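Engineer: Just dropping this structure here.
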Amino acid sequence: MKHDFIQLDICDDSNTPKYKQIIDSIIWSIRDGKLKSGDKLPSINQLSFDYYLSRDTVEKAYRYLCNQKIIQSIKRRGYYILDDSTSEELKILLLVNDFNSEKKTIYNEMIQKLSSQATIDYCDYSLFKKIIKHNLDGYQYYVIMPGFESQQQEELNDILREINSEKLILLDTKADQLANCKGGMYQDFKEDIYNALVEASSLLRKYEKLILIFPEDKANTYPADILAGFKRFCGFNQFKYEIYNNASCIDPKQYKKSAFVVLEEEDLVTIIKNIQISKMKLAKDTGILSYNDTALKEVLAEGISVITADFAKMGQVAADMILGQVSGLVKNDFHFMSRASL
């Protein structure tokens with residue numbers, strides 16, 4: 001049985017209140033196996049002395065942990081770890097802008113990887129705000145995938161500052177947005193689309209022109225770097241190109257000998273319908289290259305070629321970060337997958 005000493009991670013410069021830092025440190029120590037059932041914690045006075053904390057701060061942290069049945073107070077003996085089930089029952093909140101098939105892949109991979117060690121809740125933005133306001137300590141980790149509308153994104157950036165950085169994992173964002181978090185998985189959107197198009201270039205060469213459907217009203221979902229990477233590819237590789245905001249404004253006559261790079265599924269459906277109406281043949285008269293893979297794209301029109309991030313890997317890496325097996329910033333894979341549409 002351990003007595004009277006634990007190593008706490010207390011940061012004077014953190015925006016997180018010190019009583020919450022005590023709580024988090026003890027919970028993380030239990031999860032990492034450094035504290036086990038029956039281990040004795042330092043007294044309130046001892047912890048106050050060792051870490052230059054007020055007695056009230058330590059008492060508040062211990063009271064919370066007692067209420068959560070993580071520790072127990074035994075009269076005249078002190079505070080003890082009640083059990084180490086915390087290490088197997090992490091509570092994780094997943095916030096995404098839209099729970100579509102890609103986000104479900106992330107969620108399912110996290111569930112599979114964490115198995116019985118955690119419960120994972122997912123929520124929309126309005127519920128997330130309420131949780132942060134009223135139950136910030138209710139989750140050990142927050143896994144956030146940005147990409148909200150401009151006003152919400154600005155508000156979200158402010159809200160994320162309220163979360164202890166050691167609890168925060170960000171996915172599918174730029175590297176420079178990952179400074180204040182435990183870890184994250186980032187994309188280099190400009191380089192990713194450029195390199196993926198280079199992979200596809202031998203199939204794209206049979207078309208006279210590339211047409212990018214880039215929805216400018218979804219700048220947080222599709223950063224401008226995607227547009228820049230596409231233009232860079234066309235310039236360096238001498239492809240003629242055009243750019244439209246949506247597929248509905250394109251005359252189907254322009255489809256002939258053109259290949260489309262499509263970001264939104266709604267535009268993908270419009271293009272496929274127009275191809276069918278015009279009696280053209282995919283991969284012969286016109287081609288389609290879609291952004292981000294889904295199970296539907298594997299079978300739609302006998303298979304839609306994609307340039308895609310690895311969403312399964314996002315979920316796996318997020319789980320590994322929670323388990324302490326991976327840390328820091330991880331670059332996500334992005335590649336070309338050839339199917340019948342090119």
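The values are calculated or read from the model by the stated rules, or taken from the named source; none is laboratory data. No experiment lies behind these values; they were computed from the predicted model shown. Don't worry about glycine lacking a Cβ; one is built from the backbone with ideal geometry, like all the others, and counts go over all protein chains shown. The accessibility values were calculated without ligands, DNA or RNA, using every heavy atom of the protein model including side chains. Shrake-Rupley method; radii C 1.70, N 1.55, O 1.52, S 1.80 Å.
Engineer: Do we have ILE132 as more than 16 Å from the chain's Cα centre (by Cα) and among the aliphatic types (A, V, I, L, M) here?
Structural biologist: Spelling it out, ILE132 is indeed more than 16 Å from the chain's Cα centre (by Cα) and among the aliphatic types (A, V, I, L, M).
Engineer: For the range 152-164, name all the residues that are of a type outside the set (Val, Ile, Thr), buried (at least 16 other Cβ atoms within 10 Å of the Cβ) and within 16 Å of ALA179 (Cβ to Cβ).
Structural biologist: LEU156, LEU160, ASN164
Engineer: Answer with yes or no whether ILE71 is at pLDDT 85 or above, open to solvent by less than 50 Å² (accessible area, probe 1.4 Å) and farther than 29 Å from ALA295 by Cα.
Structural biologist: Spelling it out, ILE71 is indeed at pLDDT 85 or above, open to solvent by less than 50 Å² (accessible area, probe 1.4 Å) and farther than 29 Å from ALA295 by Cα.
Engineer: Filter the range 128-151 down to the residues that are without any contact (Cβ under 8 Å) to a residue 12 or more places away in the chain and farther than 16 Å from VAL96 by Cα, then identify the one that is most open to solvent (accessible area, probe 1.4 Å).
Structural biologist: If we take residues in the range 128-151 being without any contact (Cβ under 8 Å) to a residue 12 or more places away in the chain and farther than 16 Å from VAL96 by Cα, then LYS133 is most open to solvent (accessible area, probe 1.4 Å).
Engineer: Quick one: count up the residues across the range 221-238 that are surrounded by 17 or more Cβ atoms within 10 Å (Cβ to Cβ) and in contact with a helix residue (DSSP H, G or I) (Cβ under 7 Å, 6 or more places away or on another chain).
Structural biologist: 6
Engineer: Which residue is nearest to LYS279 (Cα to Cα), if the candidates are limited to the range 227-264 and must be among the aromatic types (Phe, Trp, Tyr) and not in a helix (DSSP H, G or I)?
Structural biologist: Only one residue tops the list, namely PHE260.
Engineer: Quick one: which residue in ALA247, ALA319 is under 22 Å from PHE214 (Cα atoms) and either open to solvent by less than 40 Å² (accessible area, probe 1.4 Å) or free of Cβ contacts under 8 Å to residues at least 40 places away in the same chain (or both)?
Structural biologist: ALA247
Engineer: Considering every residue within the range 250-271, establish whether at least one is open to solvent by 20 Å² or more (accessible area, probe 1.4 Å), of a type in the set (A, V, I, L, M, F, W, C) and over 27 Å from the mean Cα position of the chain (by Cα).
Structural biologist: Checking the range 250-271: not a single residue is open to solvent by 20 Å² or more (accessible area, probe 1.4 Å), of a type in the set (A, V, I, L, M, F, W, C) and over 27 Å from the mean Cα position of the chain (by Cα).
Engineer: Going residue by residue through the range 217-231, is there one that turns out to be more than 20 Å from ILE322 (Cβ to Cβ), at pLDDT below 90 and of a type in the set (A, V, I, L, M)?
Structural biologist: Yes; the residues of the range 217-231 include at least one that is more than 20 Å from ILE322 (Cβ to Cβ), at pLDDT below 90 and of a type in the set (A, V, I, L, M).
Each row is one residue, and each column tells you yes or no for (1) touching a residue at least 12 places away in the same chain (Cβ under 8 Å); (2) closer than 24 Å to ALA319 by Cβ; (3) surrounded by 14 or more Cβ atoms within 10 Å (Cβ to Cβ).
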position	(1), (2), (3)
LEU8	yes, no, yes
CYS11	no, no, no
GLN21	yes, no, yes
SER25	yes, yes, yes
TRP28	yes, yes, yes
ILE44	yes, no, yes
ASP56	no, no, no
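Engineer: Condition test on SER327, is it among the hydroxyl-bearing types (Ser, Thr, Tyr), under 26 Å from TRP28 (Cα atoms) and either touching a helix residue (DSSP H, G or I) at 6+ places or on another chain (Cβ under 7 Å) or modelled with pLDDT under 95 (or both)?
Structural biologist: Yes.
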